[in-house]
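The next block holds one structure in the form of structure tokens; read it before the comments.
The values are calculated or read from the model by the stated rules, or taken from the named source; none is laboratory data. Predicted, not measured: the structure shown is a model, and the values here were computed from it. Every residue, glycine as well, gets a Cβ built from its backbone with ideal geometry; the counts of neighbours run over all protein chains shown. SASA here: full protein model, heavy atoms, side chains in, ligands and nucleic acids out. Shrake-Rupley method; radii C 1.70, N 1.55, O 1.52, S 1.80 Å.
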Amino acid sequence: MYTLNFDLQDFLNHYWQKQPLVIKAAFKDFNDPISADELAGLACEEEIASRIILTKPDNWEIIQGPIEDYAPFGEDNWQLLVQAVNHWYPDAQPLVEAFRFIPDWRFDDLMVSFATPGGGVGPHIDNYDVFLLQGEGKRRWKVGPQGTYSPRGGDTHTALIDDFEPIIDVVLEAGDMLYIPPGFPHRGETLETALSYSIGFRAPSQQELISGIADHLIDTNSGNKRFTSNQEPNSPGLLPTAQQTQMLALLSELLTQPEHYQQVLGQLLSQNRFELDICDPDGQHTNDELIEALQDGATIQRIGGLKVIRLEDDNQLRLFINGEIYRFDSIELSILDTLANQFSFDNDTALALCKQTTVADYFIWLLDQGYAYLA
């Protein structure tokens, strides 16, 4: 069990998405949920996103995974990064649970790094919130103020920037944590061989939202209302300001209709950037088989990284799951909340919920999709 050791409400009020913060002993007596060898094993897998970053005198080189041989990298000046470890390594899930004071729809992934002395990432700026948690070893972090920074070498396709004057310069040890909101430049350097954990949270961009709306309108063959006008300009080559505004009002009208924006938000925000470890279902499950398994002591466990989201004031009874929609004919909102909030259901809880056929059917669907398994 991992329990955060600071005032969460004070953090949300004064620091979340506002300013960086060093939290010493954020976890007391912190124990790494994964070893360096286990992390290296994940980096061997084709479906798991991983990379090596080599620190060079004036630059950093990236080698994309899978990584099977570390001998060429030597004893220092490199680090291994593995994305979405929570998808593939169940023992990492309790660490993720500690950060659920931030809503699930924002959660991106748990990235884990193994770094040798001198290994690190150059000065860069992220467009998401990140908690940098230190495991074994020591790393030094510097954070600069928000501002306008030049991309390193003029390359606008990288997050790397020219260096900055730090407002934070700190050495993190096991259990220490650094929170960095979007837009603050930072860089890390490993002082002694270390394991580190990056817990990232993202929000959608305007581009992603507009793209989602457009895809939805095309898929549902909706949004076909056309612009009309009662007055035209005297100049044939002119598009008047009034008509520009009226055309944009057509978009605004769509964005006020829940039947359009709710489905877009639910599907968009329940999807993952990284591949999930979908279970291979052993045939179709039946209600009798599920009840028998639960009576024998089984628990229902969602796979790591699966997002299950409910929209407040939704105009339908449904959950959004990994970009899919599961609809209920009838269900109490309190039970819908339970299904969205819980990662696992012990046998007693699941049996009680399965007294409602709609919930039993939902659990069977999760199992058949490979989104859950019986543990």
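At a 1.4 Å probe, what is the % contribution of carbon and sulfur to the accessible area of the chain? Result for the chain: 47 percent of the exposed heavy-atom area is carbon or sulfur.
In units of the compact-protein estimate 2.2 N^0.38 Å, the range 88-129 shows a Cα radius of gyration of 1.47. When the range 154-253 is described by a simple charge dipole with +1 on each Lys and Arg Cβ and -1 on each Asp and Glu Cβ, the residue from 195, 167, 238 located farthest towards its positive end is 238.
For the range 163-224, the Kirkwood estimate of the hydrodynamic radius, built from every pair of different alpha carbons, is 16.0 Å. Placing +1 on each Lys and Arg Cβ and -1 on each Asp and Glu Cβ, with no other charges, gives the chain a dipole about its Cα centre of roughly 1460 debye. Who wins for biggest fluctuation among 35, 235, 113 in a Gaussian network model of the chain, springs between alpha carbons below 10 Å? Highest fluctuation of the listed residues: 235. Only Cα pairs under 8 Å and 6+ residues apart enter the sum, and on that basis the relative contact order of the range 65-143 stands at 40 percent. Projecting the Cα atoms of 54, 73, 83 onto the charge dipole of the range 51-91 (Cβ charges, centred on the Cα centre) puts 83 farthest toward the positive pole.
Can you compute the FRET efficiency between residue 226 and residue 38 using 1/(1 + (r/R0)^6), with r the Cβ-Cβ distance and R0 = 56 Å? Round to the nearest 0.05. Taking R0 as 56 Å, the efficiency between residue 226 and residue 38 is 0.45. For residue 47, the shell of other residues with beta-carbons less than 9 Å away shows a net charge of -4, using +1 for Lys and Arg and -1 for Asp and Glu. Summed over all non-identical Cα pairs, the Kirkwood treatment of the chain gives a radius of 23.5 Å.
Is the range 1-156 rounded, prolate or oblate when judged by the Cα gyration tensor, a ≥ b ≥ c being the square roots of its eigenvalues, rounded requiring a/c under 1.5 and prolate requiring a/b larger than b/c? It comes out oblate by the Cα gyration axes. What is the sum of charges around residue 272, taking Lys and Arg as +1, Asp and Glu as -1, for the other residues whose C-beta is under 15 Å from the C-beta of residue 272? Summing Lys and Arg as +1 and Asp and Glu as -1 gives -3. Summing Lys and Arg as +1 and Asp and Glu as -1 over all other residues whose Cβ lies under 12 Å from the Cβ of residue 351 gives a net charge of -3.
For the chain, what relative contact order do you get, as a whole percent, if you take Cα pairs closer than 8 Å and at least 6 residues apart? So the answer I get is 16 percent. Simple rule: put +1 on each Lys or Arg Cβ and -1 on each Asp or Glu Cβ in the range 172-315, find the dipole, and look at 252, 216, 284; the Cα lying farthest toward the positive end is 252. The equivalent ellipsoid of the range 228-375 has semi-axes of 46, 16, 11 Å, largest first, where each one is the square root of 5 times an eigenvalue of the Cα gyration tensor. Here is how the number arises for the chain: DSSP H runs of 4 or more residues each give -39500 (n - 2.57), the sum is divided by the residue count, and the result at 222 nm is -8000 deg cm²/dmol. For the range 83-154, the per residue solvent-accessible surface stands at 34 Å², with DNA, RNA and ligands left out and a 1.4 Å probe. Backbone geometry of the range 235-249 corresponds, through the Karplus equation with coefficients 6.51, -1.76 and 1.60 at θ = phi - 60°, to 3J(HN,Hα) couplings of 8, x, x, 10, 10, x, 4, 4, 6, 4, 5, 5, 5, 5, 5 Hz, x marking Gly and Pro.
Each residue of the range 123-136 was assigned a 3J(HN,Hα) from its phi angle through the Karplus expression (A = 6.51, B = -1.76, C = 1.60, θ = phi - 60°), giving x, 8, 10, 9, 9, 9, 7, 9, 9, 9, 9, 8, x, 5 Hz with x at Gly and Pro. The dipole here belongs to the range 164-276: it is taken about the Cα centre, uses +1 on the Cβ of Lys and Arg and -1 on the Cβ of Asp and Glu, and is about 600 debye. A simple charge model with +1 on the Cβ of Lys and Arg, -1 on the Cβ of Asp and Glu and nothing else charged puts the dipole of the range 90-157 at about 420 debye relative to its Cα centre. Can you bin the range 83-153 into rounded, prolate or oblate? Criterion: square roots of the alpha carbon gyration tensor eigenvalues sorted a ≥ b ≥ c, rounded for a/c under 1.5, prolate for a/b above b/c, oblate for the rest. Oblate shape, in that a/c is at least 1.5 and b/c is the bigger or equal ratio.
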